[in-house]
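Just below is one structure, and these are the notes that go with it.
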Amino acid sequence: MDAGHALQAKSLSREFGGFFAVRDVDFTLHRGSIQAVIGPNGAGKSTLFNLLTKHIAPSSGEIFHEGDDVTGLSMPALAKRGVVRSFQISAVFASLTVRQNLELALLRPAGSAWDLLGRVTGKRAIAERADALLERFELGECAESLAGNLSYGRKRVLELATTLALEPRVLLLDEPMAGLGREDIGRVTDLIREVGEGRTILLVEHNMKVVADLADRITVMVRGRILAEGPYDEVSARADVVAAYTGQGHD
Amino acid sequence: MTMILGVPAAVLFGQLLLGLINGAFYAMLSLGLAVIFGMMNIVNFAHGAQYMLGAMTAWLLLTYLGIGYWWALLLVPLMVGASGLLLERFVLRRLYRLDHLYGMLLTFGLALVLQGLLTNAFGSSGQPYSIPAELMGGRNLGFMFLPNYRAWVIAASLLVCLTTWYVIERTRLGAYLRAATENPMLVQAFGIRVPRMIMLTYGAGVGLAALAGVLAAPVYQVGPTMGADLIIVVFAVVVIGGMGSIMGSIVTGFLVGLIEGLTKAFYPELSSTVVFVVMAVVLMVRPAGLFGSKPEQAQNHRQVLDGASTSPRTQTIQFLVMAALFAAAPLVVYPGFMMKAMLFALFACAFNLIAGYGKLVSFGHAMFLGTAGYVSGHAAKSWGLTPELAVLAGTAAAALLGLASGWLAIRRSGIYFAMVTLAFAQMIYFVALQAPFTGGEDGLQAIPRGHLFGLIDLSRPANLYGFVLAIFLGGFYLIMRVVGSPFGLVLRGISDHETRAQSLGLETERFKLVAFTLSAALSGLAGATKAITSQIATLVDVHWSMSGEVLLMTFLGGVGTLFGPVVGAFVVVAMQNYLAALGQWVIVLHGTIFVLCVLIFRRGIVGEASLLLRRWSARPAAAAHPAAALTPHRQPAGH
Ligand SMILES: Nc1ncnc2c1ncn2[C@@H]1O[C@H](COP(=O)(O)OP(=O)(O)OP(=O)(O)O)[C@@H](O)[C@H]1O
Ligand SMILES: [Mg+2]
């Protein structure tokens, strides 16, 4: 496979009891780009994400990361290769504090996750990185709150911060703006653009303005298949895409 | 006489028939469990007790009112089923928003209460119940003799099972039931009263257990404990079959019965453990069970932990205070009590490591306590090892057992994990019962205390106390450090949201396995030391009721808190010591405490106390913690 591709799917399918949530999808995530997947509810976007990150196993098809076949790897193994995702339903460690959420993410890259006797607070490098992330994401004032008690928007920001703590090379964000207020959306958009430097990002997003702002290329999914692919302006102008997206089209 | 593979044909067929009978009961009970679980997400631990209640009620009706078998067959399921309705309406209904485990804990408590009450009233020995006149005798089939009653049991249970299957899978009523399981709100919107439907389902499930009890009365001895061991085998059946399908539980029930029968004919020594061996194999090759379609979804928990709020310094100070108190305790408290309580406290703390911080609630931790006790006792007695080496040997044995059982058990989570560990522990119990070096029913007696490092004489009370104190404090300190370590943070993260932890590149299964093994080893440390201290190792320490006790100690004291298990252990041991005269009432008390802990006291003593303390303290904002210890999971019922 072409090593210029960050992630690549070859005729990827996933079936749930006879129903194909993703059917025979060929998809390429180009290295260094920001790409978006759009499509109506239930189109299979999250399932595609789950497949690409090996959260679930494909029924058939292959997945490549930087040219290597990673179809048989586990989600942690892929994460170790630098492919990290966020979840559509915000995923934070609810009983840990905001700071602990970040520390937890930082432990493995720092090689301390298997330390059974040390103290988390004793790791200088981790503490400094956590401080930097808290500041950058403006989470400083709630650093000691339990993540489960944060507002929805804060949880999303924390999740993004936790994901970025790993310095991933490939970042998959499932609806990062869902549930955010207008102000937050602007901020998070800037953040994503900022961290996009030198990284590859794939995002699922329903907010078209965000998609237009951020994405170099978009992919439209409908009913488990890819309907169209290309630059935003070109794709969004296509009649079949508009029809599919507004739910008026029948094919 | 015809022989088949070296076994007389009559014996083989006889055992197969017996297996089929047992299988009929497994099928009926696991069917009821599956129906109740499917509808309410509650693992009805009381199912065995309700089966027993069915048999006991039939016996009572006959003995005191002269009401015979056929009427009992009709009346008893209705009576016991009605008690199920009340139970659902007034107790279980409060649990639907909580983690599934609370349902299992509560019904476990209820089972203890029922068993204890009936033992008090009628003694623990079994009572005979005669076969109704119509079904006396039997017929000769040529290759074997078939008693009529046994033929009837098989036919009746098949009829019951298939009727249930038909109602649920093929009728309109069943369609509503299944729809209500999927989407209670929607069904409610169609004008069906979901809560009432759930109540009736539970009542029907309980009635089914009682019916099985009546059918069983003439076959087995009728007694208060007849359901307890059975339910554990039924759990293994459920794990083997997977809780997914009704037909699956029926087929698996009969299958397991037949396998047991075959084993009894060809290799009787293995007959009581074969179910658990089959379970282990199934877990290895098909973790979701033979008929289970999907592995259960990971639940996301939310729990406020004590360790999160106290700084390492405060913890160290608390630890030192405890050490000083315990060192001085023999001046005022009977040292024997202190040693016993400290060892149970260590056991409970070890259990809490995996149950509280890893959120993997094991129902079989007694296997580690007991195995280590036997091994260290044997090492000290037969090999003549010094106490520290004997304790080490016991601890190592428990760690190995933890590694092996954990490797299989962590393939499942939540209630399945609880059932798998319980089943493995039962297997160890049977091994301990039969193995040559455990002394069977008598256990190991007169284990020498010996000289520590060959120097310090442990038969001197002060030395012995110091030895136990050092082991307790050492074990506790280790657990405290692990909980506060990066590893501990990872463990808590995994119990919060396993998938998220995986997406961060953490191989969660390995962390869980190491934590489980560590917990097993520390439980073993307690058990091994206990054997040396008390100089005996018996079946009590491997019995499931011991696994229940450690659960009780931990939940009573405060699961997921550092000092909770210590407090819980002291309370429970004190209860046993000072209330020993109450006999079986202690079991009723245990059961009642379980029920209360689940219903109103979910944080336990230490958890509730530290919450009060926090509320009291100046910062009001800090008290905004989530109300329940575990998050709402799913809500089958409307309001
Ligand atoms: N675990 C599962 N079991 C059964 N069906 C599933 C499962 N996961 C997804 N599906 C089905 O697959 C289809 C695609 O779901 P998916 O979540 O991928 O859609 P999506 O494009 O992300 O939608 P949304 O925009 O609403 O997030 C849906 O019809 C969904 O019901
Ligand atoms: Mg989605």
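The values are calculated or read from the model by the stated rules, or taken from the named source; none is laboratory data. On a predicted model such as this, the values are computed, not experimentally measured, just so you know. In this analysis, Cβ positions are derived from the backbone assuming ideal geometry, glycine residues included, and neighbour counts consider all displayed protein chains.
In segment B:332-357, how many are part of a helix (DSSP H, G or I) and more than 21 Å from B:PHE516 (Cβ to Cβ)? First the steps, then the outcome.
Narrowing segment B:332-357 to residues part of a helix (DSSP H, G or I): B:335-357.
Okay, now just the ones that are also more than 21 Å from B:PHE516 (Cβ to Cβ), so B:335-342.
Number of matching residues: 8.
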**Q.** Conditions (1) within 16 Å of ligand 2 (Cβ to nearest atom); (2) under 26 Å from A:GLU144 (Cβ atoms); (3) of a type in the set (Val, Ile, Thr); number of the one not met by A:VAL210
**A.** (2)
(Q) Criterion first (modelled with pLDDT under 90, buried (at least 24 other Cβ atoms within 10 Å of the Cβ) and in a helix (DSSP H, G or I)) does B:ILE42 satisfy it? (A) no
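Let's see how each residue does on (1) within 16 Å of ligand 2 (Cβ to nearest atom); (2) more than 13 Å from the chain's Cα centre (by Cα); (3) at pLDDT below 90; (4) small (Gly, Ala, Ser):
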site	(1), (2), (3), (4)
A:GLY4	no, yes, yes, yes
A:ASP26	no, yes, no, no
A:LEU52	yes, no, no, no
A:LEU102	no, yes, no, no
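Quick one: which of B:GLY488, B:GLY474 is assigned to a helix (DSSP H, G or I) and either assigned by TED's automatic domain parsing to the domain that holds B:SER272 or crowded, with 24+ Cβ neighbours inside 10 Å (or both)?
Values: B:GLY474 fails: either assigned by TED's automatic domain parsing to the domain that holds B:SER272 or crowded, with 24+ Cβ neighbours inside 10 Å (or both).
None of the other options fit; the residue is B:GLY488.
Across segment B:157-177, what is the total count of residues that are surrounded by 15 or more Cβ atoms within 10 Å (Cβ to Cβ) and without any contact (Cβ under 8 Å) to a residue 40 or more places away in the chain? Even if it seems obvious, please write down each step before you answer.
Residues of segment B:157-177 that are surrounded by 15 or more Cβ atoms within 10 Å (Cβ to Cβ), as a first pass: B:157-158, B:160-161, B:164-165, B:167-168, B:174, B:176-177.
When the remaining residues are screened for being without any contact (Cβ under 8 Å) to a residue 40 or more places away in the chain, the result is B:167, B:174, B:176.
Qualifying residue count, segment B:157-177: 3.
When you scan segment A:68-82, do you find a residue that is assigned by TED's automatic domain parsing to the domain that holds A:GLU194, within 16 Å of ligand 2 (Cβ to nearest atom) and buried (at least 18 other Cβ atoms within 10 Å of the Cβ), even just one? Steps first, answer last, please.
Of all residues in segment A:68-82, those assigned by TED's automatic domain parsing to the domain that holds A:GLU194 come to A:68-82.
Okay, now just the ones that are also within 16 Å of ligand 2 (Cβ to nearest atom), so none.
Checked against the condition, which is being assigned by TED's automatic domain parsing to the domain that holds A:GLU194, within 16 Å of ligand 2 (Cβ to nearest atom) and buried (at least 18 other Cβ atoms within 10 Å of the Cβ), segment A:68-82 yields no hits at all.
Might you let me know whether segment B:570-586 holds any residue that is β-branched (Val, Ile, Thr) and at pLDDT below 90? Working first, answer last.
Taking segment B:570-586 as the starting set, the residues that turn out to be β-branched (Val, Ile, Thr) are B:571-573, B:586.
Applying the additional criterion that residues be at pLDDT below 90 yields B:586.
Looking through segment B:570-586, at least one residue is β-branched (Val, Ile, Thr) and at pLDDT below 90.
Checking the conditions here, which among A:LEU171, A:LEU202 is part of a strand (DSSP E or B), within 16 Å of ligand 2 (Cβ to nearest atom), within 17 Å of the chain's Cα centre (by Cα) and in the same structural domain as A:ARG81 (by TED's automatic domain parsing)? Step through it out loud before you land on a result.
Numbers: A:LEU171 fails: within 16 Å of ligand 2 (Cβ to nearest atom).
On inspection, the qualifying residue turns out to be A:LEU202.
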Q: Filter the strands (runs of 3 or more DSSP E) completely within segment A:1-64 down to those with at least 2 residues that are more than 22 Å from A:TYR232 (Cα to Cα) and touching a Pro at 6+ places or on another chain (Cβ under 8 Å).
A: A:5-16
Q: Report those helices (runs of 4 or more DSSP H) wholly inside segment A:67-145 carrying at least 1 residues which are within 21 Å of A:LEU52 (Cα to Cα).
A: A:75-80, A:98-107
Q.
Every residue in segment B:208-225 that is farther than 15 Å from B:VAL153 by Cβ and surrounded by fewer than 24 Cβ atoms within 10 Å (Cβ to Cβ), please.
A. B:GLN221, B:GLY223, B:THR225
Q: Scan segment A:188-211 and report the pairs whose first residue is under 19 Å from A:ASP233 (Cβ atoms) and more than 14 Å from chain B (Cβ to nearest Cβ) and whose second residue is within 16 Å of ligand 1 (Cβ to nearest atom) and assigned to a helix (DSSP H, G or I), with Cβ atoms within less than 7 Å and a gap of 6+ or a chain change.
A: A:THR189/A:VAL210; A:GLU205/A:VAL211
Q. What residue, among those in segment A:129-149 that are out of contact with any strand residue (DSSP E or B) (no Cβ under 9 Å at 6 or more places or on another chain) and within 11 Å of chain B (Cβ to nearest Cβ), is farthest from A:GLY82 (Cα to Cα)?
A. A:ASN149
Q: Starting from segment A:66-95, take each residue that is more than 9 Å from chain B (Cβ to nearest Cβ) and list its partners that are surrounded by fewer than 17 Cβ atoms within 10 Å (Cβ to Cβ), counting only C-beta distances under 6 angstrom and pairs at least six apart or across chains.
A: A:GLU66/A:ALA3; A:GLY67/A:MET1; A:GLY67/A:ALA3; A:THR71/A:GLU62
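Suppose we keep only residues that are small (Gly, Ala, Ser) and more than 7 Å from ligand 1 (Cβ to nearest atom) within segment A:18-54. Which one would you say is surrounded by the fewest Cβ atoms within 10 Å (Cβ to Cβ)? Let's see the steps before the verdict.
So in segment A:18-54, the residues small (Gly, Ala, Ser) come out as A:18, A:21, A:32-33, A:36, A:39, A:42-44, A:46.
Now narrow it down to the ones that are more than 7 Å from ligand 1 (Cβ to nearest atom): A:18, A:32-33, A:36.
Numbers: A:GLY18: 5, A:GLY32: 14, A:SER33: 16, A:ALA36: 23.
Among those residues, the one meeting the criterion is A:GLY18.
Take the conditions surrounded by fewer than 24 Cβ atoms within 10 Å (Cβ to Cβ), of a type in the set (Ser, Thr, Tyr), under 25 Å from B:PHE45 (Cα atoms) and away from chain A (no Cβ under 14 Å) and apply them to B:SER534. Does it pass?
Values: surrounded by fewer than 24 Cβ atoms within 10 Å (Cβ to Cβ): yes; of a type in the set (Ser, Thr, Tyr): yes; under 25 Å from B:PHE45 (Cα atoms): no; away from chain A (no Cβ under 14 Å): yes.
It is false that B:SER534 is surrounded by fewer than 24 Cβ atoms within 10 Å (Cβ to Cβ), of a type in the set (Ser, Thr, Tyr), under 25 Å from B:PHE45 (Cα atoms) and away from chain A (no Cβ under 14 Å).
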Q: Would you be able to say whether some residue in segment A:115-128 is basic (Lys, Arg), under 28 Å from A:ARG31 (Cα atoms) and more than 9 Å from chain B (Cβ to nearest Cβ)?
A: no
**Q.** Index of the failed condition, A:VAL98 passing every other in (1) away from every other protein chain (no Cβ under 11 Å); (2) surrounded by fewer than 23 Cβ atoms within 10 Å (Cβ to Cβ)
**A.** (2)
